[in-house]
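Just so it is clear, none of the values below were taken in a lab; they were calculated from the coordinates. The structure displayed is predicted, hence computed values, not measured ones. When we count neighbours, we look across all protein chains shown, and the Cβ atoms used for this are built from the backbone with ideal geometry, even at glycine.
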């Protein structure tokens with residue numbers, strides 16, 4: 001046999017096998033992506049009644065149009081943000097089922113539809129008639145790895161139906177402890193924090209009055 005010879009071929013084959021086994025030549029395999037479900041998973045009316053946003057019914061319920069919440073560029077992604085002190089790092093493995101803006105909006109709309117006084121419409125479309133319009137900005141949607149908790153924070157603006165007058169502005173925040181940094185634990189804590197936040201916003205919107213004669217469900 002010419003060239004490398006049997007011994008040479010054996011060494012090449014052995015090196016190739018070791019390279020593949022250790023992942024050194026082709027690089028380490030990408031982590032398996034996991035999508036964390038949090039909508040309707042945190043208990044409460046929206047989960048038990050399986051209420052769908054925009055499917056309101058009942059007597060004399062004020063219509064609240066919910067705009068899709070905005071988020072800063074760093075938060076406007078599905079990747080779960082891991083916070084260590086003042087540093088945020090997007091997970092390469094865990095992803096929410098939607099980005100924080102739509103996720104928060106849908107959860108809040110579902111909770112508003114649980115109210116005996118309110119009927120939510122989401123997403124808000126051109127020509128939607130409503131007594132109130134709820135808009136907002138997601139300011140935090142993160143897993144705090146040092147404090148071992150999920151933290152969600154939003155700033156809400158409640159407008160009249162014509163969006164000409166601000167009725168109220170308020171910041172909301174909810175946290176839920178994370179027992180361990182696993183996908184199941186993070187998803188459960190995320191669902192709990194989102195449900196708590198939505199409940200806070202529902203109670204707040206119910207307290208804000210609107211002028212007589214505005215849109216309602218009869």
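Specify whether the C-alpha gyration tensor of segment 93-133 places it in the rounded, prolate or oblate class, a ≥ b ≥ c being the square roots of the eigenvalues: rounded for a/c under 1.5, otherwise prolate if a/b is larger than b/c and oblate if not.
It is oblate, given that a/c is not under 1.5 and a/b is not larger than b/c.
Residues in segment 172-198, backbone N under 15 Å from the label point at residue 206 (7 Å along the Cα-to-beta-carbon vector): list them, ranges by number please.
196-198
What does segment 65-153 give for Rg and for Dmax, in Å, if only its C-alpha atoms count?
When restricted to the Cα atoms of segment 65-153, Rg and Dmax are 15.0, 46 Å.
Using the Kirkwood formula on the Cα atoms of segment 57-96, what hydrodynamic radius do you get, in angstrom to one decimal?
13.2 Å
Quick one: divide the alpha-carbon radius of gyration of segment 82-211 by 2.2 N^0.38 Å and tell me what you get.
Relative to the rule-of-thumb radius for its length, segment 82-211 sits at 1.14.
Give the order of 171, 160 when sorted by the count of other beta carbons within 10 angstrom, beginning with the fewest.
With the fewest neighbours first, 171, 160 line up as 171, 160.
Along Cα→Cβ, 7 Å out, is where each label goes; now give me the distance between the ones at residue 164 and residue 92 in nm to one decimal.
Distance between label points: 5.5 nm.
How many nm separate the modelled label positions at residue 33 and residue 155, each set 7 Å beyond the Cα in the direction of the Cβ?
So the label points at residue 33 and residue 155 sit 3.2 nm apart.
In square nanometres and to one decimal, what's the mean projected area of the convex hull around the Cα atoms of segment 148-191?
Convex hull of Cα atoms, orientation-averaged projection: 3.8 nm².
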